[in-house]
Structures are given as structure tokens and as C-alpha cells.
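**Student:** Here's a structure for you.
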Amino acid sequence: MSVLFCTLKWGSLTRCEPVSLAGASSVGAIGSGESPGIHGLPVLSTNFVTPVPDIPTPAVVPSSSDDSKRSDQPTSPVRVAVNLAVSMIVLGGALYGYTLLGERKRPQRSKPPKSPVTIVATEEVRFHSGPVVIDVHGVVVPLRELRLASEVAGRVVELSENVRAGRSVTAGEVLIQVDATEYELEVKRLQALSQQEAAEENSVEVSIDNTYQLQELAKKQLELARQERERINALVTQRAASASEVDAARRAELAADAALVELGNRRRELVAQLELLTEKRTLTNVLLERARLDLSRCVIRSPIDGRVVSSEVEEQSFLPTGTPFITIEDTSAVEVRASLTADQMFWIWNSQAGLPTLDVNDPVAAEQVVSTVADLNSAVSATVSSEFGNETHQWSAIFERLDGAGIDLNTRTYPCLFRVDSPRSSLAGSTSRQLTRGMFVDVSIQTQPNRILMRVIESAVRPGNRLWLNAQGKLRIVPITVVSRVDGDVVIQIQPELDHLCSLASTSIIVSPISDPVDGMPVGNQSPAESNGLGEAQDSGKPASLKANNAMVMPRETTSQLQVAG
């Protein structure tokens with residue numbers, strides 16, 4: 001077998017020579033190297049060996065002398081001219097295509113002349129008549145909580161089954177009964193003592209009567225002794241009696257007098273003894289009443305209708321005096337504790353019951369009514385509501401008082417208490433629900449403000465609580481106070497320091513947006529067609545309740561000078 005030895009220079013085949021296997025040693029010595037190229041430049045030559053079968057094949061390999069001759073021939077001028085012409089044609093076509101396709105005509109845009117007046121959409125000024133509802137959240141708290149303690153000590157012999165946390169008790173129901181044996185014996189002892197003292201009083205009274213009778217007899221005896229002495233004295237003057245008889249008569253008189261004095265002293269002692277027995281019997285009767293009271297206290301009853309909050313007593317246990325054993329909360333009425341801000345409290349403090357409805361056709365009279373009605377400080381009504389599943393139960397309540405001395409230092413709000421006199425709800429077709437402590441409820445406070453309020457759509461309220469007014473063709477930006485939201489509208493109060501602006505009779509509220517609004521800039525109303533279209537679009541998104549009577553439109557033709565301040 002023989003191999004074909006080829007030489008490459010710059011990618012062209014230079015020559016190939018067959019070599020027999022016998023010359024493998026010499027082939028292994030052939031490698032890559034550089035050979036001198038054209039014009040003295042080095043030519044990288046690569047030698048490789050390709051095995052071929054031993055078949056005699058004639059190979060024609062160009063010689064190196066032919067390549068040298070071909071490379072030395074000069075380039076033809078025609079060929080250079082053709083190449084240059086083709087390049088110029090290609091370059092010209094590219095320039096023409098870029099010019100034709102890259103150039104576009106810009107459309108002419110003409111700007112309409114800018115109007116000096118900004119066209120806006122407006123709506124009429126509407127008064128708000130009726131209550132202003134303030135919605136807050138609250139928690140139910142008990143009206144009062146009683147902690148019962150035993151007033152007597154003893155063993156619990158009977159315990160009601162309702163003396164358990166969460167059970168309901170009624171007024172007068174027996175809760176526990178203490179062993180009353182000792183108290184019964186005490187009552188019997190005092191009763192016997194009282195009867196004994198009564199008998200002693202009767203005995204003294206009898207003694208007093210006896211002494212009185214003896215005193216009467218002693219007086220008669222004394223009178224007889226005195227008469228006897230006087231007769232003897234008369235006989236002595238007649239020398240018919242001796243001196244010894246006179247002395248005996250005097251002694252008898254003195255004895256009778258001494259007996260009368262003794263009976264008098266005895267009677268006084270008996271009277272004093274009777275008074276002492278009377279006082280002792282009175283004291284015994286007091287002790288008897290106390291014993292009976294203690295005996296009655298052995299049965300402890302519930303003082304109110306309520307619910308047991310906690311119980312700390314068991315049957316057969318010893319209950320000491322004064323130890324609380326049960327806590328009961330009053331369920332006849334409850335209170336709802338809610339925190340109100342200062343702005344909300346402002347409307348409660350200025351709420352008046354029975355405020356007359358504002359007259360649409362006489363805003364001046366409406367303003368006078370509002371300004372002349374005195375603060376009644378009447379009870380502000382509220383509605384407490386809570387959801388149970390898909391049912392909403394409501395309870396009537398009234399604002400009662402502030403819970404505490406003033407503002408809560410942590411929340412900077414006023415803690416208020418609303419009293420619910422009937423804690424059970426009455427929802428038709430459903431079981432009544434009772435307000436219990438700890439429930440989170442919604443409180444809707446219905447205030448009757450003594451201020452003139454306006455009612456606008458929500459889009460009319462601008463950021464920062466501002467309102468845009470079209471006052472005689474001028475934009476007026478006025479600050480407002482948002483009071484409440486009713487049926488998609490916003491109830492506002494225009495601040496009172498804006499008296500100098502304009503009268504509400506010649507003012508409309510701007511409801512459309514304005515770019516770069518400036519106070520005092522000229523504005524104009526939309527055309528009737530545009531206004532009707534905008535109004536229909538706004539009315540389509542409002543509920544039907546917005547057409548209620550509590551929103552009244554201020555007539556444009558009135559000449560009233562009702563000011564913004566109200």
C-alpha cells in the first residue's frame with residue numbers, strides 16, 4: 001500500500017505525491033512548516049498524509065511554476081471598470097431607495113384658539129334638611145354589675161342550679177340558703193327573754209299600784225295621828241291630860257308620817273325599776289329584730305333580672321360573712337361604649353330636637369329659624385345594629401353621657417355611652433336577639449344640627465376638603481367640613497368666615513375637573529346639551545333615594561342674601 005502526500009499553501013492545493021509504506025520513516029519526518037511565498041511573503045504550508053490503496057491512478061498536479069506565472073499576470077482594465085460600474089449602480093440604487101422610502105410628509109395640525117373662559121359643568125346648590133347620621137363602631141358594656149356577698153356566716157345547705165356563669169336569674173329567685181339553725185335558736189332565746197322582761201314589768205306595775213294604795217292609807221293614818229295630837233294639846237291647856245300623853249300622840253304622828261314617806265320612796269323605786277325593765281325589754285326587742293333579720297339573710301335572693309358573670313361558691317361549703325360569692329350583670333338595659341372624635345361631638349353638642357324643616361322658597365326665613373332656635377341639649381337618638389348571619393338586628397338607643405372626665409389621652413377621642421333600654425331586638429319572622437357584653441356593633445347617631453348644611457355629589461369635594469364654586473363667572477375655592485355621607489352624596493358645611501364671597505342664590509357648584517385651578521379665574525357653564533348628557537350620566541350611577549325630599553334645590557331666581565356662612 002502507498003499513501004498520497006499533499007502540500008497546501010493558503011488554502012490551495014500545491015502538489016500531491018504518492019509515497020510507498022516503505023518510506024514511512026521519511027514520511028514521519030514531514031511536518032508543518034513555512035515556505036517562502038509570493039513576493040517574499042512567508043507561506044504557511046500544511047503537509048498531511050492520506051492513505052490510498054495500491055491502485056495505479058494517474059494524478060495531475062499543477063506545478064509551482066504555473067502558479068507563479070498566473071499570479072504574476074496584471075489585472076485587466078476592463079474588469080476594474082466593470083467592478084467600479086457595478087459598485088456605483090448599487091450605491092445609487094441604495095441612495096434612491098432611502099430617499100424615496102424614508103421621507104414622510106407630516107400632517108398639518110392646527111390648534112383651535114384657546115378660549116379665555118374655562119367651560120365647566122355645575123349643579124345647583126342644595127340644602128340638607130333632616131338629621132345628620134354619624135356612623136361609628138362600639139362595644140356593648142353592662143349597665144351595672146352587682147357583686148353579692150353573704151351577710152351572715154354559715155354552711156351552704158342549698159344552691160340554685162342557676163348559680164353558674166352564663167345562667168340567667170330573675171329578681172327574687174333564691175340563689176343560696178345558709179344553715180339557719182343557730183339563728184333560729186337565737187330568735188327563740190330573745191323571744192323568751194322578751195317575754196320574761198314583760199312579766200317583770202307587769203310585776204313592778206302591780207307593786208306600784210299596791211304602794212299607791214298603801215300611801216293613801218298612810219295619809220289617812222297621819223291625818224288621824226295629827227288630830228289625836230291636837231286634842232291632847234287642847235286637854236293639856238285644860239289640865240286634863242298629862243305631858244306623857246302629849247309625847248305619845250307626837251310619836252304616833254311621827255310614825256304615821258314616816259310610814260307615808262317610806263311608801264313614797266318605795267313607789268319611786270318601783271317606778272324607776274319599771275323604766276329600767278322597759279328599756280331592757282326595748283333592747284331585747286331590737287336584738288330580736290336583728291336575730292330575725294339574720295335569720296332572713298340565710299336565704300339569699302337575686303336583687304335584679306340579670307346574667308351570672310362568675311360564681312365562687314359550692315354546696316356544703318362554708319360561707320364567711322362579707323365574702324363575695326357571685327357577680328350578676330343587669331340585663332334589663334345595656335350600654336354601648338363608642339369613641340367619637342371632636343368633630344363628631346361638635347354635631348352632638350349642637351343637636352336640637354324639633355328643628356323646623358327648611359323652606360325651599362324662603363332661605364332667609366330658614367336662616368332665621370336656625371339662628372334663633374336655642375340649644376335644647378335634648379337626648380340624641382341613635383340606632384344600634386348588628387349582623388347575625390344574613391340577618392341585621394337593630395335596637396333603639398339614646399346618647400346618655402360621657403364615660404369619664406373628658407378626652408382619652410391615648411386615642412384623643414371622647415368615650416361616649418349610649419343607653420339601650422330594650423336589649424332584645426324585634427325582627428319580623430326571626431328570633432329576637434339580645435345585646436350581650438363584648439359585642440361589636442354599629443352605632444348610627446341621628447343628630448339634628450343647628451347649622452345650615454349643603455349637600456353635594458362626591459365628585460364635587462376636591463382634595464383637601466375644598467369646594468369649587470362658580471360665583472358670577474369666577475372660580476371660588478372655599479374650604480369645607482365634611483359632616484356625613486347620605487345615599488352617595490356628601491353633607492358639608494361651608495366655613496363661616498366666607499361671608500364676603502357671594503350669596504348662594506347666584507352660586508353654583510362645579511362638578512367637572514379643571515386643570516390648574518386658580519381662585520378668581522373666569523369660568524363658564526356648559527351648554528344645555530352637554531349639561532344634560534353629564535347629568536344623565538351622573539344620575540344613572542345614583543340610587544333612586546337621592547331624589548328624596550331631604551335634599552332641596554336652592555332656586556336661582558331668588559334674591560335672598562343668604563350667605564355661605566349659614
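**Student:** Shape of region 119-253 from its Cα gyration tensor (a ≥ b ≥ c, root eigenvalues): rounded if a/c is under 1.5, otherwise prolate when a/b > b/c, or oblate?
**Tutor:** Verdict is oblate for region 119-253.
**Student:** In sequence order, what are the phi-derived ³J(HN,Hα) couplings for region 124-136 according to the Karplus relation 6.51 cos²θ - 1.76 cosθ + 1.60 with θ = phi - 60°, rounded to whole Hz, with x for glycine and proline?
**Tutor:** Per-residue couplings from phi come out as 6, 6, 10, 7, 9, 10, x, x, 9, 8, 10, 9, 9 Hz.
**Student:** Roughly how compact is region 182-295, stated as its Cα Rg over 2.2 N^0.38 Å to two decimals?
**Tutor:** Dividing the Cα radius of gyration by 2.2 N^0.38 Å gives 1.88.
**Student:** List the residues, sorted by chain then number, that are 5 or more residues from VAL157 or on another chain and whose placed amide H is less than 5 Å from its amide H.
**Tutor:** GLN177, VAL178, ASP179, GLN316
**Student:** Please list, in order along region 307-317, the HN-Hα scalar couplings obtained from phi with the Karplus expression 6.51 cos²θ - 1.76 cosθ + 1.60 (θ = phi - 60°), rounded to whole Hz, x for Gly and Pro.
**Tutor:** Result, rounded to whole Hz: 10, 6, 8, 8, 9, 10, 9, 10, 5, 6, 8.
**Student:** Ok, one more. When the Kirkwood radius is taken over all Cα pairs of region 147-194, what Stokes-Einstein diffusion coefficient follows at 25 °C and 0.890 mPa s, in µm²/s?
**Tutor:** 189
**Student:** Taking the Cβ of ASN465 as the center, what net charge do the other residues with Cβ under 14 Å away carry, scoring Lys and Arg +1 and Asp and Glu -1?
**Tutor:** Net charge around ASN465: +1.
**Student:** Give me the percent of accessible area attributable to carbon and sulfur for region 182-295, probe 1.4 angstrom.
**Tutor:** Carbon and sulfur together cover 52 percent of it.
**Student:** May I pose another question? How many angstrom separate the Cα center of region 289-349 from the Cα center of region 432-472?
**Tutor:** 38
**Student:** I've got another one for you. Compare the peptides 116-124, 80-88 by average per-residue count of other Cβ atoms within 10 angstrom and give them in order, highest first.
**Tutor:** Ranked by mean Cβ neighbours within 10 Å, highest first: 116-124, 80-88.
**Student:** Can you list the residues, at least 5 places off or on another chain, whose amide H is less than 5 Å from the amide H of ALA121, using H built in the peptide plane?
**Tutor:** VAL511, SER512
**Student:** If we sort 90-96, 508-514 on the protection proxy, mean other Cβ atoms within 10 Å, highest first, what's the order?
**Tutor:** 508-514, 90-96
**Student:** Run through all the Cα pairs of region 406-484 and give the fraction in each 10 Å bin from 0, expressed as whole percent.
**Tutor:** Bins of 10 Å from zero give 11, 25, 25, 22, 12, 4 percent of pairs.
**Student:** Let me ask something additional. Under 5 Å between amide H atoms, partner at least 5 residues away or on a different chain: which partners does ARG167 have, H built in plane at 1.01 Å?
**Tutor:** Here VAL308 satisfy the definition.
**Student:** Can you work out the Karplus-derived ³J(HN,Hα) for every residue in region 257-273? Use 6.51 cos²θ - 1.76 cosθ + 1.60 with θ = phi - 60°, whole Hz, and x for glycine or proline.
**Tutor:** Each residue's phi maps through the Karplus curve to give 5, 5, 5, 5, 5, 5, 5, x, 4, 5, 5, 4, 5, 5, 5, 5, 5 Hz.
**Student:** Sorting check: for 400-409, 469-478, 193-202, which peptide has the highest mean count of neighbouring beta carbons within 10 Å, and how do the rest follow?
**Tutor:** Taking the mean over residues of other Cβ atoms within 10 Å, the ranking is 469-478, 193-202, 400-409.
The values are calculated or read from the model by the stated rules, or taken from the named source; none is laboratory data. All values derive from a computational prediction rather than experimental measurement. Cβ atoms come from the backbone with ideal geometry, glycine included; neighbour counts cover every protein chain shown. Quick note on the areas: whole protein, heavy atoms, side chains included, nothing else; ligands and nucleic acids left out. Shrake-Rupley method; radii C 1.70, N 1.55, O 1.52, S 1.80 Å.
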